[in-house]
Amino acid sequence: MAGFRFIHSSDLHLGRRFGNFPEGIRGRLVEARHAAIDSLSAAARNNGAGHVLIAGDLFDTETPSDRVWRQALAAMAAAEGIQWWIIPGNHDSSSAETLWDLARAQAPVNVHVCDVAEPVEIAPGAVLLPSPVPSRSPGRDATEWMVGCRTPEGALRIGLAHGGIVTFGSEDDGAETITPNRATDARLDYLALGDWHGFMRVGERTLYSGSPERDRFKHLGRGICLAVTLPGPGAEPEVTEIVTGRFDWQDISLELTPKHAAAEALENILPGKGAARRDTLVRIRASGWIRLPERMELARAAQKAEPEFGYLELTDAELKTECAPEDLDDIASGGALRMAAEALYKDAEDDAKGAEDRAVAVAALRRLYSYVREETQ
Amino acid sequence: MKLRTIRLENIRRFIDPVEITGIGDGLNVLVAPNEHGKSTVFDALHAVFFKQRNSWDKEVRSLKPHAGGDPTVAVEIELAGGIYWIRKRWNSRNNGDVRIETTGRLFKQADEAEDWIAEILKAPREGGPAGLLWVRQGITDLANDDAAQLARRDLLTSVAGEVEAMTGGRRMDAAMDRCRSELERYLTVKGRPKAGGPLKDWQDEVADLDTESKTLVAKSEKLRSELDRRRALRRELADLENPNEEEGRKTRLAKAKADHDKASRHAESLGRATEHEHTKRIEAERAKDRLTALDRAITEISEADREDRTAKKEEQRAIKRLSLAEAAMSESANVHRSALDRVKVVGDLLRRARLAESAAEAARHRQDLVGKINRAEALQNRANEASALARRGLPEPELAKLDKLDESVRVLRRARNLKAVAIAMTYAPGRLDSVSLDGRPLPEGKRMPIPDGARLDIEAVGRLDIHPGQIPDGETPAEAEANLARALEDSGVSDIAEARVSTQRRREAELDRRNAKADLESLAPDGIDELRDQLAQLPEQIADEDDLPTTKDAEQEDEKAREARDRAFEGYEAARNEHSEAQAAVARAGQAAESASTRKARAALPFSGIDDPEAERTLRRKALSRLRTELAKASRRREEAAATAPDLEAMAVALERAHSIVEEAEKRKQDIRLDLRTLDTSIGIQAGQAIDEDLADIDVRLEAARASLATIEFEVAALKELRAALETARTSARDRYVEPVMQELVPLLRFFWPEAELIVDPETLMPKALVRAGTEEAFDILSKGTQEQIALLVRLSFARMLAKTGETAPVILDDAIVYTDDDRIEHMFDALTRQARDLQIVVFSCRQKAFRDLGGCNLHIS
């Protein structure tokens, strides 16, 4: 095997509890995050890598519960022959002394917490330049020291850092500090970055691996890690994406028009098939215009499909309801019901009213429609 | 639908089949006494239309005859031109049957037949004719029969045609019910979030999570601040324990100590130089003093010598002056003494001269005084005598008193005589004096009053006693005389004349005394004794001296002698003064001489042991000059030392600071270690609580809960909006919905109460109130008769509405007009007859008499 090979990952955010998801999926999401450690060691083993570099935010908070961090260390210890190199990120910055003190004290021999910015020779001829994040919002570029750091002649220089790249943005807004050309000016062969939860190639030597297990609809698909091979000093790194995520996150926008058969459109757009849907989390963002009956159908279709998925959410905040005369006829062709329906419709179309009031009127009209339709059926 | 025939079998008393036939189109009346089965017919009719064949409920059971048997009812109806026979039989096994025949063949049976019946009772819009309209015996309460109300509702619905659509009808109710029941999940009746409902639950959840989040934020901040603090302390401790720093502190201390020692030594040598300079200065000053003293002693001794000599000369002069003064004083003393002697001699002479002069004067005076005294004593004696005389005389008042008494005697006597009998004798010639009165001859011719009678001795005749007649009133002269006599006696006189003399004498003596007294007064104003005193005071008589000069000469001599004496005294005084002064001058000069002599001796003292003052002075001068040079040198040395001296105080401060820095560092290290131990414990405990993990979780859940709450609030808002829209729409629809009923009802009402108006509740379609003459009367307080009539009219108007839709429904009245009196019944029947033009009305009544002549088709049970 030529060159030096390792796994680049970050942002496991162990200890995140997903309280915003329904209870049914919550436990599975938590469990999947822990399982990401095993996925990473499997990825290392399968790709002949002896090292896993975690570019920050291994833990979600500075004080994870004992269960979280001890089980994490145990899982890493179980990965025989693999060296774990960890830097504190902004979520678990090195100011979390208790965490890192304990972690260091109880770390198995193959786990290395790099909370000091100093070069470490992690393998013969391969020097790691870790930039631990000193506090939650450091406000400075922690990688600057790499420029002046001397390493033995002919050794590989691998940067490990966490944070947003200036002009590229960060996971948490306003935390961009790392200069985009750090890999160049610090003569790095590779700069392994964390913070961004999705994969991103900033430069040929500067990459975000993303989280091995996705945690929100911002970054879609399954989580990955990167298998990186450095052929030699100065040579371009070879980077392979390896899927590690269990859950497939999908954020789908559904554009509708009154002519659409909305329920059908929804069914067509739903991802995955059969058993795979159990591990799929979907957010359908419906938008456009839709008629009252379709709207009812759409809600029913979503309701029907929902149990197949790990999680299915239909957001219709952007979806506007168009009301045709025949829709009102469906409610009643005349009389009091018709009067009520028309009053609501008028409110819904009344530009003088606030958006919220109009939305309420639309909702009331929709409700009336479904009452009457359900009664009829 | 119209009823044509009713047939009963095994219905209560009608075990054998009975029939009511020939029911006409309009008004039909079945009049029969009570207990003839009218109500049975009515109940049977109701059952055949509304009771399913497999029912065996209370109502159906009540139809069963005592004798047993299955109740069977059959009705012939005309519907849309066709004639149908409905025959229904019930039994206790719940499996009765129903058949419907038309034109002699079976049309429907079993369930289909029941459905068909239900259908014809439904509202026209639903496809069938309207149901029957029932008014039972004495029913005024329109609301107590659900079926009837439903029928009315359906009727009304059918009549109004569009009513279903208009009010939303059942669908409206259903929508409203769903809306309400869905809202009830969230809100209480009063519109508050309902406990246990999703809205309240989520509100609580958000509030709880919010609280929890705040608590955790506080905890997290505490932990973070403690971590920060621990980090700062650790850094500080590391700095403190840094060997370079420690070394630095120690080096600084050592240097400060060395600097301080050096400065101390320098300070000591400066001290010595200062001391030396001081010594030299004192020595120089002392030498200077010695020189000055010598200079002063030399000057002093020469001055003292000079003064001594001068003083001695002065003393000699003073002594000489004193001896001169003594001689002068002795001489003037002699002169003075002689002058004094002369004054004495001359004075004696003058005195004697004056004595002689006054003795002569005194002798003259004595003579004069003796004369005066003698005269005065004579006058005194005269006065005394006169005074004694005056005292012996009768005083004037007493005389006046006596005069008065005397006067009174005389007046009385005269008055008695005038009043009294008087006699006057005229003597016969020759007979003169032959008559004596009281012993005395009675004068011739003279009137003689005899107040007291009288005894007349008439010579030769005898005695004639004349007795007085009446005794006059008042004092009698005798009494007055007695008074006078007593007074005279008291005054010591014998008669009034003597009294007068006595008084006269007294007056004269008094005058004499006064004269004598006056003379004495002028002679010796101060009394005779005064004169005697003056006499006694006169000097003794002395013997005359010869050769005495005159007083005047003696005075001149005396004057001269005195002047001489004064001059001699002045001379003496001057001599004595000079003597005193000379004496003082001697004393002064002696003293000065003594003091000069003392000074001279004292001035000589410093020179003891000095043989040659000038040589000594030269010596001393040299010594002073030498010492001054030495002092200048010492001063220079001291100045040099001072100029180069380091600041000892600053060195001491620096040393102290260096010390305290080292100590502080040690103390700080200990404090920090202690703080760190505390912090380690606290942080250890908190870190184990996974605060941040909890907080992150809570915040995520809080956000989710807020979103859920917002969704629910939106849902509640939408439901409320819907409910409001439905209620508004229904209310306005209902107002329109009641209209057709009123259109039918109003003409009927006018028929009974030309001015009245009826208010109908749109919800129940019940009459709510009757308005007569502007007064609104609630329906249930109207009289039974009125209620009954209105109820009937309402039904009739419903029936009319139904008829107008092309369907007719029989109106069946079972003794419906029991409260109405006969007059009203006629009225009512007019109404019925009028209505019956469009409607089929069947009236059951027991009031044979009242109904007999009302017309209509009379029915019979046969």
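The values are calculated or read from the model by the stated rules, or taken from the named source; none is laboratory data. Because the structure is a prediction, the values reported are computed rather than measured. Cβ: placed from backbone, ideal geometry, glycine included. Neighbour counts: every protein chain shown. Side chains are part of the model used for accessible areas, which takes the heavy atoms of the whole protein and leaves out ligands, DNA and RNA. Shrake-Rupley method; radii C 1.70, N 1.55, O 1.52, S 1.80 Å.
Just checking, which of B:705, B:710 is open to solvent by 40 Å² or more (accessible area, probe 1.4 Å) and either more than 7 Å from every other protein chain (Cβ to nearest Cβ) or of a type in the set (D, E, K, R) (or both)? So the residue among B:705, B:710 that is open to solvent by 40 Å² or more (accessible area, probe 1.4 Å) and either more than 7 Å from every other protein chain (Cβ to nearest Cβ) or of a type in the set (D, E, K, R) (or both) is B:710.
Taking the residues in region B:326-350 that are in contact with a helix residue (DSSP H, G or I) (Cβ under 7 Å, 6 or more places away or on another chain) and more than 19 Å from residue B:567 (Cα to Cα) as candidates, determine which candidate is most open to solvent (accessible area, probe 1.4 Å). The selected residue is B:326.
On the given criteria, is residue A:106 open to solvent by 10 Å² or more (accessible area, probe 1.4 Å) and within 14 Å of another protein chain (Cβ to nearest Cβ)? Spell out the reasoning first.
Numbers: open to solvent by 10 Å² or more (accessible area, probe 1.4 Å): yes; within 14 Å of another protein chain (Cβ to nearest Cβ): yes.
Yes, satisfied.
Being loosely packed, with under 13 Cβ neighbours inside 10 Å and either in a helix (DSSP H, G or I) or on the phi > 0 side of the Ramachandran plot (or both) is the filter here; which residues of region B:603-617 pass it?
Across region B:603-617, the qualifying residues are B:605, B:609, B:614, B:615.
Of the residues making up region B:213-249, those that are of a type in the set (Asp, Glu) and over 21 Å from residue A:94 (Cα atoms) are B:241, B:245, B:246, B:247. Contact annotation: residue pairs with Cβ atoms under 9 Å, 6 or more positions apart or on different chains, pairing a residue in region A:7-25 that is over 28 Å from residue A:85 (Cβ atoms) and free of Cβ contacts under 8 Å to residues at least 60 places away in the same chain with a partner that is surrounded by fewer than 21 Cβ atoms within 10 Å (Cβ to Cβ) and among the acidic types (Asp, Glu), are A:19/B:699; A:19/B:703; A:20/B:703. The helices (runs of 4 or more DSSP H) found entirely in region A:245-360 that carry 1 or more residues being open to solvent by 40 Å² or more (accessible area, probe 1.4 Å), farther than 30 Å from residue B:729 by Cα and without any contact (Cβ under 8 Å) to a residue 60 or more places away in the chain are A:262-269, A:292-305.
Please go through region A:148-163 and pick out each residue that is farther than 18 Å from residue A:86 by Cα and surrounded by 15 or more Cβ atoms within 10 Å (Cβ to Cβ).
If the condition is that a residue be farther than 18 Å from residue A:86 by Cα and surrounded by 15 or more Cβ atoms within 10 Å (Cβ to Cβ), then A:149, A:151, A:155, A:156 are the ones that fit.
Where helices (runs of 4 or more DSSP H) fall entirely within region B:161-252, those with at least 3 residues that are free of Cβ contacts under 8 Å to residues at least 40 places away in the same chain, open to solvent by less than 80 Å² (accessible area, probe 1.4 Å) and not aliphatic (A, V, I, L, M) are at B:169-186, B:198-241. Scanning region B:712-739 for residues that are modelled with pLDDT of 90 or more and over 16 Å from residue B:177 (Cα atoms) turns up B:712, B:713, B:714, B:715, B:717. Scoring residue A:95 on the criteria (1) of a type outside the set (D, E, K, R); (2) at pLDDT below 90; (3) open to solvent by less than 50 Å² (accessible area, probe 1.4 Å); (4) in a helix (DSSP H, G or I) leaves a single failure, condition (4).
Residues in region B:756-778: is at least one closer than 27 Å to residue B:37 by Cβ, outside any loop (DSSP other than H, G, I, E, B) and at pLDDT 70 or above? No, because not a single residue in region B:756-778 is closer than 27 Å to residue B:37 by Cβ, outside any loop (DSSP other than H, G, I, E, B) and at pLDDT 70 or above. Evaluating residue A:59 against the criteria (1) within 14 Å of another protein chain (Cβ to nearest Cβ); (2) aromatic (Phe, Trp, Tyr); (3) open to solvent by 10 Å² or more (accessible area, probe 1.4 Å) leaves one unmet condition, (3). Does residue B:717 fit the bill of being closer than 30 Å to residue B:176 by Cβ, open to solvent by 20 Å² or more (accessible area, probe 1.4 Å) and within 10 Å of another protein chain (Cβ to nearest Cβ)? Yes, satisfied. Within region B:433-449, residues that are surrounded by 11 or more Cβ atoms within 10 Å (Cβ to Cβ) sit with their Cβ atoms under 9 Å from residues that are among the polar types (S, T, N, Q), at 6+ positions apart or across chains, in these pairs: B:441/B:434; B:442/B:434; B:442/B:436; B:444/B:426; B:447/B:417; B:448/B:417; B:449/B:417.
Would you mention how many residues in region A:115-135 are assigned to a strand (DSSP E or B) and touching a residue at least 40 places away in the same chain (Cβ under 8 Å)? Break it down into steps so the answer makes sense when it comes.
So in region A:115-135, the residues assigned to a strand (DSSP E or B) come out as A:120-123, A:126-131.
Restricting the remaining residues to those that are touching a residue at least 40 places away in the same chain (Cβ under 8 Å) gives A:122-123, A:126, A:128-131.
Summing the residues that are assigned to a strand (DSSP E or B) and touching a residue at least 40 places away in the same chain (Cβ under 8 Å) in region A:115-135 gives 7.
With respect to (1) open to solvent by less than 20 Å² (accessible area, probe 1.4 Å); (2) within 14 Å of another protein chain (Cβ to nearest Cβ); (3) out of contact with any Cys (no Cβ under 9 Å at 6 or more places or on another chain), the lone exception for residue B:726 is condition (3).
For residues that are small (Gly, Ala, Ser) and away from chain A (no Cβ under 14 Å), scanning just region B:168-205, find the one that is nearest to residue B:709 (Cα to Cα).
First, pick out the residues of region B:168-205 that are small (Gly, Ala, Ser): B:168-169, B:174-175, B:181, B:191, B:195-197.
Going one step further and asking which of them are away from chain A (no Cβ under 14 Å), we end up with B:191, B:195-197.
Numbers: B:191: 17, B:195: 15, B:196: 14, B:197: 12 Å.
Only one residue tops the list, namely B:197.
Between A:358, A:295, the distinction of being more than 10 Å from chain B (Cβ to nearest Cβ) and out of contact with any strand residue (DSSP E or B) (no Cβ under 9 Å at 6 or more places or on another chain) belongs to A:358 only. Within region B:53-92, being in a loop (DSSP other than H, G, I, E, B), of a type in the set (Ser, Thr, Tyr) and within 27 Å of residue B:841 (Cα to Cα) holds for one residue alone: B:62. The set of residues in region B:219-272 being among the aliphatic types (A, V, I, L, M), closer than 30 Å to residue B:693 by Cβ and at pLDDT below 90 consists of B:223, B:227.
What do you reckon, is residue B:67 under 27 Å from residue B:112 (Cβ atoms) and open to solvent by 50 Å² or more (accessible area, probe 1.4 Å)? No, not satisfied.
Every condition in (1) over 25 Å from residue A:284 (Cα atoms); (2) facing chain B (nearest Cβ under 7 Å) holds for residue A:345 except the one numbered (2). Every condition in (1) more than 10 Å from chain A (Cβ to nearest Cβ); (2) open to solvent by less than 90 Å² (accessible area, probe 1.4 Å); (3) touching a residue at least 40 places away in the same chain (Cβ under 8 Å) is met by residue B:686 except one, and the failing one is (1). The single residue among B:456, B:399, B:394 that is open to solvent by less than 50 Å² (accessible area, probe 1.4 Å), outside any helix (DSSP H, G or I) and closer than 30 Å to residue B:514 by Cβ turns out to be B:394.
Return the only residue of B:671, B:697, B:692, B:680 being at negative phi and more than 10 Å from chain A (Cβ to nearest Cβ).
Numbers: B:697 fails: more than 10 Å from chain A (Cβ to nearest Cβ); B:692 fails: more than 10 Å from chain A (Cβ to nearest Cβ); B:680 fails: more than 10 Å from chain A (Cβ to nearest Cβ).
On inspection, the qualifying residue turns out to be B:671.
Out of B:286, B:272, B:265, B:309, one residue alone is open to solvent by 100 Å² or more (accessible area, probe 1.4 Å) and closer than 30 Å to residue B:591 by Cα. It is B:309.
If you take the residues in region B:559-602 that are surrounded by fewer than 14 Cβ atoms within 10 Å (Cβ to Cβ) and of a type in the set (A, V, I, L, M), which one is nearest to residue B:336 (Cα to Cα)? Of everything passing the filter in region B:559-602, B:574 is nearest to residue B:336 (Cα to Cα).
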